[in-house]
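Report on the following structure.
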Amino acid sequence: MVQETAILDRYGVVGYPVAHSKSPVIHQQFAEQTGESLIYELVEASPDDLESVARQFQRAGGKGLNVTVPHKTRATRLVDELSESASIAGALNTLKFDEDRIVGFNTDGIGLIRDLRDNWKFEIPNTRILVLGAGGATQGILAPLLDLEPAAIVIANRTVAKADALANHFGALGAVEGMRFNDVRSVEPFDLVINATSAGLSGESAPFPKEAIRRGHTACYDLSYALHKTPFVAWAEQMDAGRTRAGWGMLIEQAAESFRIWRGIQPETAHVLNRLPAAN
């Protein structure tokens with residue numbers, strides 16, 4: 001008698017590059033915690049190959065993909081439907097394959113808010129926030145931040161046009177301003193600085209404006225994460241920032257929201273955060 005082997009639901013993360021991603025470890029821990037049976041894979045695709053790779057994954061029985069750099073904006077072209085969060089952001093990080101349809105979601109914002117507010121105990125209302133960078137990562141976090149009514153958000157970027165475009169797009173939700181990195185020198189220090197760039201990770205010079213920091217007060221949060229201190233976290237500590245945090249918590253929280261979208265179960269995140277040494 002031949003024993004049938006169960007076919008597990010397939011999920012993955014698509015990016016370029018993607019080998020460094022910790023998402024498979026996180027989702028496997030969620031699956032073990034909730035008793036769900038699934039496979040989670042690394043899927044590498046260049047920008048030109050994103051559509052063909054994603055659709056092939058779907059045709060092969062894939063149920064969903066997380067989307068990481070550099071695809072978060074481009075991937076919006078693949079979907080048949082965007083969630084409200086992804087539509088407002090103009091970027092996504094989660095694809096759900098529903099029969100022949102593709103639905104796009106953005107869980108980055110809720111992941112950041114949960115880590116800032118619930119894990120790090122940082123209160124957003126009435127604070128002044130500086131976001132460094134104007135790419136897809138920034139697009140995903142602005143609306144959730146503005147929902148919590150900060151006093152103001154400034155988006156700083158190498159080219160002011162991209163920062164201004166985002167400020168105009170999200171301006172109806174609250175006070176948002178765009179400027180160049182160098183222009184930060186002329187404004188008051190911030191309560192929170194969020195690094196949404198990859199600056200420094202590949203050895204290039206990092207345009208972190210020291211004038212943004214009020215020593216002993218400003219909180220500095222890096223959306224990036226690494227096994228060692230990220231360049232932004234190291235810089236913030238040199239600037240005597242009030243406190244610093246890398247993006248491990250956001251990574252885990254946004255993954256939990258993706259898992260809920262796919263499986264209909266909200267996993268607990270605290271034990272996963274505690275089991276990743278670099279996240280603490």
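The values are calculated or read from the model by the stated rules, or taken from the named source; none is laboratory data. These numbers come from a predicted model, not from an experiment. Glycine also receives a Cβ, built like all others from the backbone with ideal geometry; neighbour counts cover every protein chain displayed. The protein model used for the area step is the full one, side chains on, heavy atoms only, and it has no ligands, DNA or RNA in it. Shrake-Rupley method; radii C 1.70, N 1.55, O 1.52, S 1.80 Å.
Brief remarks on what is shown
- Count of residues meeting criterion [in a helix (DSSP H, G or I) and either under 26 Å from S186 (Cα atoms) or open to solvent by 10 Å² or more (accessible area, probe 1.4 Å) (or both)] in region 106-131: 6
- The requirement of being at pLDDT 95 or above, assigned to a helix (DSSP H, G or I) and closer than 27 Å to I194 by Cα is not satisfied by R77.
- All positions within region 16-31 that are more than 21 Å from D98 (Cα to Cα) and either free of Cβ contacts under 8 Å to residues at least 60 places away in the same chain or not aliphatic (A, V, I, L, M) (or both): Y16, P17, V18, A19, H20, S21, K22, S23, P24, Q28, Q29, F30
- Among the residues listed as A54, A45, A86, the single one being open to solvent by less than 60 Å² (accessible area, probe 1.4 Å) and closer than 30 Å to A167 by Cβ: A86
- Count of region 91-105 residues which are surrounded by fewer than 18 Cβ atoms within 10 Å (Cβ to Cβ) and either among the small types (G, A, S) or in a loop (DSSP other than H, G, I, E, B) (or both): 2
- Some residue of region 162-179 being among the acidic types (D, E), in contact with a Gly (Cβ under 6 Å, 6 or more places away or on another chain) and surrounded by fewer than 24 Cβ atoms within 10 Å (Cβ to Cβ): yes
- Residue list for region 25-66, filter: among the acidic types (D, E) and modelled with pLDDT under 95: none
- Qualifying residue in region 32-54 (condition: assigned to a helix (DSSP H, G or I), under 18 Å from I252 (Cα atoms) and in contact (Cβ under 8 Å) with a residue 60 or more places away in the chain): yes
- Those helices (runs of 4 or more DSSP H) lying entirely in region 203-279 with at least 2 residues touching a strand residue (DSSP E or B) at 6+ places or on another chain (Cβ under 9 Å) and either in contact (Cβ under 8 Å) with a residue 60 or more places away in the chain or surrounded by 14 or more Cβ atoms within 10 Å (Cβ to Cβ) (or both): 231-238, 248-263
- Breaking point among (1) under 22 Å from E123 (Cα atoms); (2) in contact with a strand residue (DSSP E or B) (Cβ under 6 Å, 6 or more places away or on another chain); (3) not polar (S, T, N, Q), for G178: (1)
- Enumeration of residues in region 60-74 that are in a loop (DSSP other than H, G, I, E, B) and of a type outside the set (G, A, S): T68, V69, P70, H71, K72, T73
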